Amino acid sequence: MANGLPGPTTRFFNGILPENPVYRQILGMCPVLAVTNTMAGAITMAGATAFVLICANVITSLLRNALKPHLRILVFTLTIASFVTIADRTLAAFLPLMSARLGPYIPLIIVNCIIICRAEVCASKQGVGTAFFDAAGTGLGFLLALASISLVREVLGNGTVLSGWAGPGGLGLRVLPESFPTWNLLLLPPGAFFTLGVLMGLVNWYSLARKRRVAQGNLFTVGAEAARAEVQA
Amino acid sequence: MSTLLPLAAIELSITNVMLLIVSTALINNFVLHYFVGICPFIGVSKRLDTAAGMGAAVTFVMTVAAILTKTVTYFVTGNMNVTGGQPGVLTTMIAGRALDLSFLNYVVYILVIAGAVQFVEMYVRKFFPPLYKAFGVFLPLITTNCAILFATLMIMMQNMGFAETVIYSIAAGIGFTIAIAIMAGLREELDFADVPEPLRGPAITLIVAGILALAFLGFAGVQGPSQAEPADANAPAPAHVETPEADAAA
């Protein structure tokens, strides 16, 4: 880019790991903790968030020359709220059980900081193509983060993967034997905090180990630079 | 509804009100049970006085926003998209039939909350300068605080009455303040602890919050064994475990 901002490819890959919204930027914690007790719920939530993220980023990018600085947050929020309404009504029509289970967390996408952050950082400054790939990469990174947290919680807490995908008893896959003592605590609210804390510690530990090999300096930026160079090579 | 303004879906006896307050502030604590308002919980909870200021500001804005959105829902948009919902009273009167405007709710709510925060900020700055100094930087941040929107959504989805709305939002704000103040106290001590390097920062905060949530899980016993959460992955998520109506019936 002429103005020194990253191009679409960099934006896309940045969203997945180097600037992962959950593990690196610690944004949008509310759905991350609340809906990850089942993989099915987590993936539905990530899908809805990615849909809203992509649509809102594209619209914001198209509007970027007409935005007034003092009104821009309001415009972002109203754009997001409109797409969240579409996502919410669509889920209620086609996946009523999932919609009832996620309840108020679907409308809470409106105040998910990830979407406002992407609109502010990327879409209000760059073209439609870049904004689209930025949103797609961030959405994918969010999906991977939610899937990893819910995988740990559901496998250890219930012994299954993807159970309840199509209603109770549908499509679930039992990965641990029935005799395995399940950790019910992981399905309860404290389990969400523990799982995310430990996983975040593991990601940091990986970054630190990498940092020692690469160079001295700030933990997050050095890790990001190294991963970025590796991805682009 | 026979009366013009429905006060509450439950009978407003002392027992029910106390149950509603305990259930909202402690058992279903916004931060530790519903996970809303995590951003200020992790970001602002470094010192006890800022945490208390944030808690007070959230309680204040939450109550104002809850009353405003309840009024808009009741008179204009209605909440026909939830079970037992009803159309807006004024729109029904004007149109002569039940209009389902509930799809507008999310857009209207976020607009009302953003507007309410602006007005509260201007009003407090003009008439209560000491209070403005205390709330200060937190007021604008609150627009995007998910706890406010979550409270208005719960009130809409559970068909609460006006008195119930006020009690619920104040109790929710108190619960948020309790959680964020305890966390601030813990983190002031945590500064002196020797934490392994990868866990420093948000990771150890989350683990400490998990232990705190574990302690708050004990409050579920206050309401008796029927309130224990289902540990089954197929069961509804925490958001739908209990409603105040069910609490009252229990």
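The values are calculated or read from the model by the stated rules, or taken from the named source; none is laboratory data. A quick note: this is a predicted structure, and the numbers were derived from the prediction, not measured. For neighbour counting, all protein chains shown are included, and Cβ atoms are generated from backbone atoms with ideal geometry for every residue, glycine included.
Residues checked against (1) within 11 Å of chain B (Cβ to nearest Cβ); (2) crowded, with 23+ Cβ neighbours inside 10 Å:
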residue: A:Phe12; (1), (2): no, no
residue: A:Leu27; (1), (2): yes, no
residue: A:Leu33; (1), (2): yes, yes
residue: A:Thr38; (1), (2): yes, yes
residue: A:Gly41; (1), (2): yes, yes
residue: A:Ala46; (1), (2): no, yes
residue: A:Val52; (1), (2): no, yes
residue: A:Ile59; (1), (2): no, no
residue: A:Pro69; (1), (2): no, no
**Request:** Please state which one of B:Met54, B:Met80, B:Met62 is crowded, with 24+ Cβ neighbours inside 10 Å and over 26 Å from B:Glu189 (Cα atoms).
**Result:** B:Met62
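I'd like to check which helices (runs of 4 or more DSSP H) are fully inside region B:161-250 and have at least 1 residues that are within 14 Å of chain A (Cβ to nearest Cβ), buried (at least 19 other Cβ atoms within 10 Å of the Cβ) and modelled with pLDDT of 85 or more. It would help to see each step written out before you state the result.
Working: elements: B:162-190, B:202-217, B:244-249.
Qualifying helices (runs of 4 or more DSSP H): B:162-190, B:202-217.
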**Message:** Need the failing condition index for A:Ile116 against (1) at pLDDT below 90; (2) more than 16 Å from the chain's Cα centre (by Cα); (3) under 30 Å from B:Leu32 (Cα atoms); (4) of a type outside the set (Gly, Ala, Ser), just the number.
**Reply:** (2)
**Item:** Condition check for B:Ser23: touching a Pro at 6+ places or on another chain (Cβ under 7 Å), more than 11 Å from chain A (Cβ to nearest Cβ) and either without any contact (Cβ under 8 Å) to a residue 12 or more places away in the chain or not hydrophobic (A, V, I, L, M, F, W, C) (or both)
**Value:** yes
**Item:** All positions within region A:115-163 that are within 14 Å of chain B (Cβ to nearest Cβ), in contact with a Phe, Trp or Tyr (Cβ under 7 Å, 6 or more places away or on another chain), in contact (Cβ under 8 Å) with a residue 24 or more places away in the chain and surrounded by fewer than 24 Cβ atoms within 10 Å (Cβ to Cβ)
**Value:** A:Ile116, A:Leu156, A:Gly157
